[in-house]
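Undergrad: Pasting a structure here, questions to come.
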Amino acid sequence: MSTATTKTHEHAVGDLPTVKISINQVGMDRPKAWLTAGIEDFRHAPVVSLAYGMFWVGLSIAVTAGVLTLGYWHWLLPLIAGFMFIGPLVAVGSYGVSQAIERGRPPNLGDAFGSWKPHAGQLAMMGVMMMIFFLAWIRLATLLFALFFGLEAPSADMLYASLLTTPEGLGMLAVGTAAGAVLAFGAFAISAVAIPTLMDQGLTFMEGIEASIRSVARNFRPMLLWAMILTGCVIIGVLTFYIGLALILPMLGYASWHAYEDVVRCEPVEKREH
């Protein structure tokens, strides 16, 4: 494992130390190791992990029920796919649990549901960045739907049946999947290790984004594999009518924390007098 050229970030507050961020180069075997470490963290805190996971399962079911009740069933697939853009924010509580485990104390619900508080402002800005990608995806989905099916939404049974049986449906799936993959990887590139970096080091969201982009650029193939693993696991969770997400979401959050620790090295350096 090699280390890339470092970059130093200086904060505006008086005598705070600078932070030297180094990006390690990792091999293709590391995503599997991150996943294994995530499973191990889940075993260390099964009750807290399940409570956190079930919170998001309940929220997902409530949103789905609301969409169907309001008659916006044609938005269901785009909203489910859009989960990939807000996933990094969902994992925030998992990072708090992983930090507690590393500090040698039993994690509690406060770690899972309160770890965002010290970083609320920067996480909010990160949320804005992810929301931009999410809204871009929704706008794209709207345009694709109008392009292939027109302005009038067909009935639910007709639409979902035609997706796999008509040229229009297959075309929309192909174009939407390709365009969505590009957007999703862009969102992944800016968020892969951004939130763990800012939470662990108290950096700004822009410093976290920069570290994330550098991490993906230096480790493109392992990170691409990691993105595919994340996507596949979330799809499996959704196909279980969200129930599987109770296990998958916290496990992936823990794994993402270990990915951050493996790829990003942050070292405090005392500021020099000019």
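Undergrad: Arranged from highest to lowest average of other beta-carbon atoms within 10 Å per residue, in what order do the peptides 165-178, 228-241 appear?
TA: Ranking the peptides 165-178, 228-241 by packing returns 228-241, 165-178.
Undergrad: Which order do the peptides 247-257, 46-56 come out in when sorted by mean C-beta neighbours inside 10 angstrom, highest first?
TA: Going by the mean number of other Cβ atoms within 10 Å, highest first, we get 247-257, 46-56.
Undergrad: Angle between the Cα long axis of helix 46-69 and the longest principal axis of the chain, 0 to 90 degrees, nearest 10?
TA: So the helix axis and the longest Cα principal axis differ by about 30 degrees.
Undergrad: Compute the angle between helix 30-44 and the longest alpha-carbon principal axis of the chain, please, reported from 0 to 90 degrees and rounded to the nearest 10.
TA: With rounding to tens, the tilt is 90 degrees.
Undergrad: Another question, if that's okay. Which cross-chain or sequence-distant (5 or more) residues have an amide H under 5 Å from the amide H of residue 25, H modelled 1.01 Å from N in plane?
TA: 2, 3, 4
Undergrad: Taking the structure as given and computing Cα extents along the principal axes in Å, which label from [x] 61, 41, 32; [y] 67, 40, 36; [z] 58, 42, 39 fits?
TA: Read-out from the structure maps to [y].
Undergrad: List, in order, the whole-Hz ³J(HN,Hα) value for each residue of the range 170-180 obtained from phi through the Karplus relation with A = 6.51, B = -1.76, C = 1.60 and θ = phi - 60°; use x for Gly and Pro.
TA: Result, ordered by residue: 5, x, 5, 4, 5, 5, x, 5, 5, 5, x Hz.
Undergrad: I need to check one value: relative contact order of the range 167-266, counting alpha carbon pairs closer than 8 Å and at least 6 residues apart, in percent.
TA: Averaging sequence separation for qualifying contacts and normalising by length gives 27 percent for the range 167-266.
Undergrad: Rounded to the nearest angstrom and ordered from largest down, what semi-axes does the equivalent ellipsoid of the range 202-274 get from its C-alpha gyration tensor (root of 5λ)?
TA: Sorted largest first and rounded, they come to 32, 14, 10 Å.
Undergrad: Give me the net charge of residue 255's neighbourhood, meaning all other residues with Cβ under 15 Å from the Cβ of residue 255; Lys, Arg count +1, Asp, Glu -1.
TA: Charge balance near residue 255 sits at -3.
Undergrad: Follow-up question, since we're still on this one. Positive end of the dipole of the chain, charges at C-beta (+1 Lys, Arg; -1 Asp, Glu), about the Cα centre: which of 38, 123, 89 has its Cα farthest in that direction?
TA: Value computed over the given set: 38.
Undergrad: Just subtract the alpha-carbon distance of residue 136 and residue 177 from 0.36 nm times their residue separation and send over the number in nm, one decimal.
TA: Answer, rounded to one decimal: 13.3 nm.
Undergrad: Tell me, what % of the accessible area of the chain is carbon and sulfur with a 1.4 angstrom probe?
TA: 69 percent
Undergrad: Here's another thing I want to ask about it. Residue 147 to residue 64: FRET efficiency via 1/(1 + (r/R0)^6), r the Cβ-Cβ distance, R0 25 Å, to the nearest 0.05?
TA: Computed FRET efficiency for residue 147 and residue 64: 0.45.
Undergrad: Right, another one. Pull out the extension gain between residue 158 and residue 76, defined as 0.36 nm times the separation in residues minus the alpha carbon to alpha carbon distance; nm, one decimal.
TA: Length difference between fully extended and current span is 28.0 nm.
Undergrad: Using the scaling law 2.2 N^0.38 Å as the reference, what is the normalised Cα Rg of the range 18-123?
TA: Ratio of Cα Rg to 2.2 N^0.38 Å: 1.32.
Undergrad: What's the extension gain from residue 109 to residue 170 if we count 0.36 nm per residue and subtract their Cα-Cα distance?
TA: 17.5 nm
Undergrad: Still on this model: Give the accessible surface of the chain per residue, rounded to a whole number of Å², with probe radius 1.4 Å and ligands, DNA and RNA excluded.
TA: 51 Å²
The values are calculated or read from the model by the stated rules, or taken from the named source; none is laboratory data. Quick caveat: nothing in here was measured; it's all calculated off a predicted structure. Cβ sites come from the backbone with ideal geometry, for glycine too, and all protein chains shown count toward neighbours. Quick note on the areas: whole protein, heavy atoms, side chains included, nothing else; ligands and nucleic acids left out. Shrake-Rupley method; radii C 1.70, N 1.55, O 1.52, S 1.80 Å.
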